[in-house]
Each structure stands twice: as structure tokens, then as C-alpha cells.
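Just below is one structure, and these are the notes that go with it.
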Amino acid sequence: MTGARAVDDVAVAWTNMEAAYNPSLVAYGDKYISALKRTTFRKASHKVFWVNHLYVCVGPHGDLHGLRCQTYNPWLEPYLECEFDKDVRDGRTDVTGLGDVKVWVWPGRGLFTIFGRKPERVPGAGPYCTSKVVYDQWIAQIRPEQAAGPWRLQQPLRLHLTGAWKYPESPKYVMEKNWMPWVYRNDNGSETLFVTHMVNPHRILEVSTSGACEVRHETNGRPDLFGRFVGHSIHGGPPVIWVDGKLSRDGLPYYMGIMHHIELIDAAEAAPASNSNSTSRRRARSKKSRKLRLYRHFAYKFQPKPPFAITDISDELNLTFFRQPNFPSKAHVAYVSGFFLGANGTVYISYGAGDREARVMITSIPDMEALFTGRIEFLPPAAKIVFSAA
């Protein structure tokens, strides 16, 4: 049934601090391992800095509430970030630290993370970022395995586009986010690390051990699938999973990813129907002109072999949102940062709600496939909200 709740969808608290969010959970050996973050704010004389604090958490497999966390900083040497100038966000806001850290498993090679960070300062060039790309993607290794080979990373590896790819003249700057890693094994058994750089067009980059990334495949989305998203800017999200034919309903293998987009909606439209007679509903009606951000997430399938074209898109995922009386603008904010398929076919979708809460949705491949109805249905903003806190 469209919009049906998952087998389980629970809030988790893995640090002794409040407001840790955007978890990325995997099962690795006999452990659960996840990353998550919290954000604080620091005012400078000329701007406000968003300060990210990142953690990696470990606990016994089977106990979602048993993870324990420690600060995550994969650099062995000091890293001095550049600062955004007035061309980036008008110079009013900046960010420091790692972005959303997403954990993924490369079977046989180990446990990795992928995340964003600003470039280092260029010696002698002042404090500001000098390149067009003001936010890079990096990968780092948490636990190598015996077959890690050249992917046994001692320091984080900066990923960068190379080859024939050229960034357009506009905009003035580029922030690379939401690169989605996955491993392709060809018929000869050799493996290639790919990342999905864009969902539509479906742009696939091959990653080398130097960090250089070249466009290997690019396919335009089918109109019958992406026509539903005209007017929306589609973004990627967590790492991609491989679904073996033994688990799929038609016996055929495929890859599955999760994409999202953000809409602006009226506050009155967004108020949950269950609160129609409440004070919050009356306040929403009194602020009809106010716009809120609504995040919508969808699973999608793509071909198991080149050119890896997208073949299907699900109905909207029914996530749980987090209501904060002091932060009403965050009531419809959600971000899926983790996507993992366990050995027994269990699917873990880990996500942040309201930039304040960490949650894990536990489901299965049959339940995920049931969302591929062919209709690509959007859930009504008010009806879809299941607030996790009063």
C-alpha cells in the first residue's frame, strides 16, 4: 500500500548530547557502525559559522540503541580550511568541519566514509577559497580488510572531476555534495568504484586511487519517470545498494538508490490534519504567506550493467518528521543519509528529522519493491507528517 509504514521506524540517541542527526548506519561483521553529526553556531564579526561536529558510533549488531560514539576526524595532520568570500552565500554564512558523513561497505576491502569539506587554504593567497569548487567530496577508510590493496587509505582522499568534464561558467562557485558510492563487478570479477554524481541526467563517475573521477556513463531520465519531477531540482543522497536477483521479486538484479528534492509550501498547507483544532493549526492559518521547506524522498532502480540507466522510481518514502516548538521552519526537513542492505535482506534507511533527531527505518526488499507502483505518488504534506515529538 502506498505510504505504508515500515516494519520499524525508531528514534535513536547515540551520544550524550542533544540534537545529533543525519545518521548513516551499516551492519559490519557483528557490529552496527554509524556516523552522525550535530551543529552549533559561532558568530564572527562579519558572518555566522555553522560548526559541524562529527561522530562515529559502534555497537553490537541487533541493538540499535546500544551504539557508543566518539569524535570523528580522519586527518592525521592539521587541516586549515579556507573561508567563503562574498560570492558564496553573500558572505553572510559559512561552514566549518566535515559535512554529512555517510558510511558504506566495500566487501573484501573494508569500511569507508564519504563526506564533504571545504578546501584547504592556499599558502600566500589569504583566507578565502580560491577555486571554483568551494566544497569537495572526500572518502576515508575506517577499517581496512586484507584485500584492501591500494584502497587502504592512510589519509582522506579528495575526489575531483577530471578528463573532459568542465564546470559551466555560471554559477560563480560549486559545492559538490551527495556523491553516492557503489561498487560494480563485471563478468570477469574485476571491481570498479563508481559514484553517482547526478541523478538526472544519471551521471556515473569512475573513481581512481588518486581521487581523480572521470565521467564513464551518462543517461537522460525517461520522460515517463522524470516528468513527475519537472520544476524540481533533484539531489542524490546516501550510498547505493546492490540487490541480488535472489532477493528481487522478478529474479533480476539491480541497483537501488534514494534521491530527494525540496519544495516550498505554505505553512497552513503543511499543518498536520490531526492538529486541525489546535493552537498550532490556528497559528499556521494566520501565517498563510509563510513558506516552509518540504523534503521528499524517493527510491529508484537502475540497470545492473552499463550504461546504468534508471528504470523505475518509487512512490514517496513515508518518513517521520520531528516537530520543535522553537524551530517550526524545520518541521518538514528530513534527509536520508544512510542506506544499507544486510546479508539477510534487511534494509536500513537512516535519516535525520528536523535537523535535530536521528532515526532508523528498518524494512525489507519486498516492502521497498511494493513502493514501485508505477504511479510515483507524492504524499500530501499534511497527511504524510507523523511527528515524533510534541
Heavy-atom accessible area per residue - the chain, 1.4 Å, Å²:
46 Å²
Summing +1 per Lys or Arg and -1 per Asp or Glu among the other residues with Cβ less than 12 Å from PHE308's Cβ gives +2
Just add up the charged neighbours of ASP63: K/R +1, D/E -1, any other residue whose Cβ is under 14 Å from the Cβ of ASP63.
0
So, in nm, how far is label ARG290 from label THR373 when the simple model puts each one 7 Å beyond its Cα toward the Cβ?
3.2 nm
Potential lengthening between HIS232 and GLU206 on full extension [0.36 nm per residue; Cα-Cα distance subtracted]:
6.7 nm
Orientation-averaged projected area, Cα convex hull of region 122-215 (nm²)
8.3 nm²
Taking the dipole about the Cα centre of region 1-125, with the C-beta of Lys and Arg at +1 and of Asp and Glu at -1, give me whichever of GLY29, VAL58, GLN70 is farthest to the positive side.
GLN70
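When a/c reaches 1.5 or more, the comparison of a/b and b/c decides; with that in mind, is the chain rounded, prolate or oblate per its Cα gyration tensor? Walk me through the numbers before you get to the answer.
On the way: a/c = 1.35, a/b = 1.08, b/c = 1.25.
Rounded, because the longest to shortest axis ratio a/c is under 1.5.
Work out, step by step, the length gained on full extension between ARG152 and GLU77: first 0.36 nm times the residue separation, then minus their alpha carbon distance; give nm to one decimal.
Values: separation 75, 0.36 × 75 = 27.00 nm, distance 1.78 nm.
The span from ARG152 to GLU77 would gain 25.2 nm if fully extended.
From the mean inverse distance of alpha carbon pairs (Kirkwood) and the Cα radius of gyration, derive Rg over Rh for region 1-114. Intermediate values should be presented prior to the final figure.
On the way: Rg = 17.3 Å, Rh = 16.4 Å.
Rg/Rh: 1.06.
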All lysines inside 24 Å of LYS86 as judged from Cα atoms, apart from same-chain residues fewer than 8 positions distant
LYS43, LYS47, LYS118, LYS132, LYS166, LYS172, LYS177
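Could you give the size of the charge dipole of the chain about its Cα centre, using +1 on the Cβ of each K and R and -1 on the Cβ of each D and E, expressed in debye and rounded to the nearest 20? Let's see the in-between values first.
Working: 48 positive and 37 negative charges, 282 e Å.
For this selection, approximately 1360 debye.
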Go ahead and set up a Gaussian network model of the chain, Cα springs under 10 Å, then flag whichever of PRO238, PRO171, PRO366 fluctuates most.
PRO171
For the chain, the accessible surface attributable to carbon and sulfur atoms (probe 1.4 angstrom, ligands and nucleic acids excluded) amounts in percent to 50 percent
Region 70-185, Rg to Rh (Cα coordinates; Rh as Kirkwood inverse mean 1/r):
1.00
Using alpha carbon centroids, what distance separates region 14-36 and region 88-160, in Å?
19 Å
In what sequence, highest mean first, do 226-232, 204-210 appear when ranked by Cβ atoms within 10 angstrom?
204-210, 226-232
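The values are calculated or read from the model by the stated rules, or taken from the named source; none is laboratory data. Not measured: the values here are computed from a predicted model. Because the Cβ atoms are built from the backbone with ideal geometry, glycine has one as well, and the counts that use them run over all protein chains shown. With ligands, DNA and RNA removed, areas are computed over all heavy atoms of the protein, side chains included. Shrake-Rupley method; radii C 1.70, N 1.55, O 1.52, S 1.80 Å.
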